[in-house]
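Encoded as structure tokens, the structure appears first; notes follow it.
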Amino acid sequence: MLIRMFILRVPLLPFLFCVHSVAGYAAENNAGSGIKLDVENSLSPFAILNDVPIRAVTLGEGIWSTRFRTNAKTSIPAFYESLEKAGVLDKLRGRSNKARGNSDADLAKWIEAASYVLQSQENETIGNLLHEVVNDISASAGNGGYLHTRYMIKMPPALDKLRPGGYLYCLGHLLQAAIAYHQATGDNRLLDVFVPYIDNVVEQFGSGKKPCWSGHPEIEIALVELYKTTGNKKYLDFARYLLEEVDLTDNAKTSDINFDHYFSGAPFSSRKTISGHAVCALYRCCGATGLYLETGEDKIYRNLLTLWHDLTEGKMYVTGGVGSRPADEAIGDSYELPNERGYAETCAAIANIMWNRQMLNATGKACFTDVIERTLYSGFLSGVSIDGRTYFYWNPLASRSNASKLRKFSEDDNLIAAKKSTGIGLDVRLPYYQTPCCIPNAQRMIASLPGYIYGTNSQGVWIHLYHSSRLDWHFQDGTKLSLSQSTKYPWQNTVNIVFDEVPSGKFSLFVRIPHWTTKATVAVNEQSPCIVNNPGSYHQIRRRWQANDRVEITFDMPIRAVHANPQVRQNRGRVALQRGPIVYCLESVDHQDTSVFDIVLPFDLSDIDDALEARFEPDLLGGVVTLRGAALAYDSSSEKKLYSFAPFSGNLKPIKITAIPYFAWANRGPSEMTVWIPQAPKNR
Ligand SMILES: [Zn+2]
């Protein structure tokens, strides 16, 4: 079957090569009637922690289950329609189309998202759509319409000539889609289509063969996943070639290419600062961490830590967003974090989450989980509207996007180009963009979230994220483990864990104490609680657990004022509000009588937790905790001069303010918004 399909797909390819490639792929995977693959895809030799598969976790009620349902019911089917409208599916069917060049990647991420949903639950609508797409791909693989059959024999010229291009970027996403689809259904058809393509690439390029680089990094992540799934080391070797071995920086043919921008084309371990295109840089870090987890190369590990510190100590927004230069979608210098002109692409937030998850697995350190949580609840979640129908491409921390500026824009306008040229005032979510990369990326992120909550290793079970859920899984020795977590986190501060099925011996429960809390207590079976004073760590409880054992965790969750390093010049004298993991903002829809940019907070913020009231409002923005209270606002309407040798009076008037979670802004129409709020002068 495999051979027949392959011959149909590449009729000009020498037969022996077909047999070698497919037989090799099959034999290495113990194929009898089919290919046997590692569907868990979770164990890496240098991982401190292992992922738990999506299907092992059932979400209970909470913010993420609401998003998961909306994603499955609304977002994923709607994006299928968008792909149809944009010609992406006609491209797949070999018909004339108007799809953009890299649209394969959009389709691939949609397949991945749909497959993750099916790993969690049965879903007839998504199952049927996915079935249609896979049928189309399989059919197209035979007629050459979609798969650029000639590229399976002869590589894309751009790849051969070392030009930047999206070929490997798309192929990487397609391979990840094929793996996710296989994990969801056991169906190998997508792997049967795309593995021969990567086999052909590996056959022609790499160490001792023709040189090659990844262009927009992504394929590195897929190659490590494919190695873990098939056990075939040639994919890991090729990932290592792309990440560490190829160096085109002194190649005469590529002297015009800015490899720094792509974060590619040179050894990963030679890059000592994180810079260039935000998504390229972070995807590259994901690939390199994946390689480290398989090989344990110390040079790569040390470089990962160097880059992580460079990012999180100078180049990451308080929302977890990354990318401060709209013009080239790039990471800026340290402390270059403009609010209104910030870029912070949704894809970069997703890449930041994915990378930190791998770093967590590599180290077992909670500092990485803190970044995951920060980004999930702010820089990522802002990218998707609450109704799951519209998306931000960029996620700035201040906006003047009022209705009069926005009404002329529609999804047919190139908002991205407009953002790059003007930088401000164009912040609107839309159902589709000309470059819709963030849309299916957000969908696959939400669909994969159940797999982020827990981890395991030989010591025990780890709780990374707090959300009502049930875990039904096993340790590496096969002993079963099931537990339930109930909580109203992130709005409330208590989490209850109940073990349902446990192994007979001792093991540890690791609970994360987030960095934002001032104190946490942990109580087992309602005994005297243990006070934990080291936020930003995992608290280990080792004992012989019994079924029905209970653990209650309580976090102090005050409203806190976040100060930025003074070198972030835009935020001097300003603070952001945070409660629990949620970063807040002020939005104009809640402040009709004053601009949000005129609002100031008291100089003394030591009692900010008393000055503002945290209140859960079930009917607002899908149910959020708001922060309401007294503040001040400049009354500058009487000032007419632009400059003056005498100070402006700057009259301050008392007002009531309402802060909402940053992720929820722009869900009530276009609005002005700011995260960083000035403090009043010291004598006020
Ligand atoms: Zn994107």
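With respect to being in a helix (DSSP H, G or I), more than 16 Å from the ligand (Cβ to nearest atom) and among the charged types (D, E, K, R), ARG302 fits the description.
Could you check VAL596 against (1) of a type outside the set (Phe, Trp, Tyr); (2) under 26 Å from LEU381 (Cβ atoms); (3) under 29 Å from the mean Cα position of the chain (by Cα) and say which number it fails? So VAL596 meets the others, but not (3). Considering only residues in the range 46-83 that are assigned to a loop (DSSP other than H, G, I, E, B) and touching a Gly at 6+ places or on another chain (Cβ under 8 Å), the one that is surrounded by the fewest Cβ atoms within 10 Å (Cβ to Cβ) turns out to be PHE46.
If you go through the range 433-474 and keep only what is farther than 27 Å from GLY383 by Cα and of a type in the set (Val, Ile, Thr), you end up with THR456, VAL461.
Considering only the range 637-680, state which residues are part of a loop (DSSP other than H, G, I, E, B) and touching a strand residue (DSSP E or B) at 6+ places or on another chain (Cβ under 8 Å).
GLY650, ASN651, TRP665, ALA666, ARG668, SER671, VAL675, TRP676, ALA680, listed by residue number.
Filtered by the rule that a residue be among the charged types (D, E, K, R) and exposed (fewer than 12 other Cβ atoms within 10 Å of the Cβ), the range 657-683 gives a lone residue, LYS682.
Hey, among the residues in the range 314-371 that are outside any helix (DSSP H, G or I) and of a type in the set (Phe, Trp, Tyr), which one's nearest to the ligand (Cβ to nearest atom)?
TYR343
A search for C-beta distances below 6 Å between a residue of the range 51-62 that is closer than 15 Å to TYR116 by Cα and touching a residue at least 24 places away in the same chain (Cβ under 8 Å) and any residue that is aliphatic (A, V, I, L, M) and in a loop (DSSP other than H, G, I, E, B), counting only pairs 6+ apart in sequence or on different chains, returns VAL57/ILE453.
Test ILE386 against the stated conditions and say whether it is in contact (Cβ under 8 Å) with a residue 12 or more places away in the chain and either in contact with a strand residue (DSSP E or B) (Cβ under 7 Å, 6 or more places away or on another chain) or within 15 Å of ASN441 (Cβ to Cβ) (or both). For ILE386, the condition - in contact (Cβ under 8 Å) with a residue 12 or more places away in the chain and either in contact with a strand residue (DSSP E or B) (Cβ under 7 Å, 6 or more places away or on another chain) or within 15 Å of ASN441 (Cβ to Cβ) (or both) - is not met.
Of all residues in the range 287-322, those satisfying the criterion of being touching a Lys or Arg at 6+ places or on another chain (Cβ under 9 Å), under 25 Å from GLY383 (Cβ atoms) and not polar (S, T, N, Q) are GLY290, LEU307, ASP310, MET316, VAL318, GLY320, VAL322.
Of all residues in the range 213-260, which are among the small types (Gly, Ala, Ser), more than 17 Å from LEU159 (Cβ to Cβ) and assigned to a helix (DSSP H, G or I)? Scanning the range 213-260 gives a single hit, ALA252. Considering every residue within the range 536-543, establish whether at least one is within 16 Å of GLN679 (Cα to Cα) and free of Cβ contacts under 8 Å to residues at least 60 places away in the same chain. Scanning the range 536-543, I find no residue that is within 16 Å of GLN679 (Cα to Cα) and free of Cβ contacts under 8 Å to residues at least 60 places away in the same chain, so the answer is no. Scoring SER595 on the criteria (1) out of contact with any Phe, Trp or Tyr (no Cβ under 8 Å at 6 or more places or on another chain); (2) modelled with pLDDT of 95 or more; (3) closer than 27 Å to ILE386 by Cα leaves a single failure, condition (2).
Scan the range 562-598 for residues that are closer than 25 Å to TRP491 by Cα and either among the aliphatic types (A, V, I, L, M) or part of a loop (DSSP other than H, G, I, E, B) (or both) and the total you get is 13. Count of the range 537-560 residues, restricted to those that are aliphatic (A, V, I, L, M) and either surrounded by fewer than 20 Cβ atoms within 10 Å (Cβ to Cβ) or in a loop (DSSP other than H, G, I, E, B) (or both), is 3. Scanning the range 609-624 for residues that are closer than 24 Å to ALA398 by Cβ and either in contact with a Gly (Cβ under 8 Å, 6 or more places away or on another chain) or in a loop (DSSP other than H, G, I, E, B) (or both) yields ALA611, LEU612, GLU617, LEU620, LEU621, GLY622. Listed by first and then second residue, the pairs with beta-carbon distance under 7 Å, at least 6 apart or on different chains, first residue in the range 213-242 and touching a residue at least 12 places away in the same chain (Cβ under 8 Å), second among the aliphatic types (A, V, I, L, M) and assigned to a loop (DSSP other than H, G, I, E, B), are TRP213/LEU162; TRP213/VAL246; TRP213/LEU248; THR229/LEU37; THR230/LEU37. So, in the range 257-295, of the ones that are farther than 18 Å from TYR169 by Cβ and hydrophobic (A, V, I, L, M, F, W, C), which residue ends up farthest from the ligand (Cβ to nearest atom)? The extreme case among them is LEU293.
Inside the range 330-383, can you point out the residues that are surrounded by 24 or more Cβ atoms within 10 Å (Cβ to Cβ) and among the acidic types (Asp, Glu)? Answer for the range 330-383, where residues must be surrounded by 24 or more Cβ atoms within 10 Å (Cβ to Cβ) and among the acidic types (Asp, Glu): GLU345, GLU373.
For residues that are surrounded by fewer than 18 Cβ atoms within 10 Å (Cβ to Cβ) and free of Cβ contacts under 8 Å to residues at least 60 places away in the same chain, scanning just the range 562-590, find the one that is farthest from ALA398 (Cα to Cα). Looking at the filtered set, the residue picked out is PRO566. The test for being away from the ligand (no atom under 16 Å from the Cβ) and either touching a helix residue (DSSP H, G or I) at 6+ places or on another chain (Cβ under 9 Å) or farther than 26 Å from HIS173 by Cβ (or both) does not hold for LEU381.
Could you list all residues from the range 527-536 that are touching a Ser or Thr at 6+ places or on another chain (Cβ under 8 Å) and loosely packed, with under 14 Cβ neighbours inside 10 Å?
CYS530, ILE531 - these are the residues of the range 527-536 that are touching a Ser or Thr at 6+ places or on another chain (Cβ under 8 Å) and loosely packed, with under 14 Cβ neighbours inside 10 Å.
For first residues located in the range 428-457 and closer than 18 Å to PHE510 by Cα, partners that are within 16 Å of the ligand (Cβ to nearest atom) and small (Gly, Ala, Ser) and lie 6+ apart or on another chain with Cβ distances below 6 Å do not occur.
The values are calculated or read from the model by the stated rules, or taken from the named source; none is laboratory data. Keep in mind it's a predicted model, so treat the numbers as computed, not measured. Positions of Cβ are backbone-derived with ideal geometry, glycine not excepted, and every protein chain shown enters the neighbour counts.
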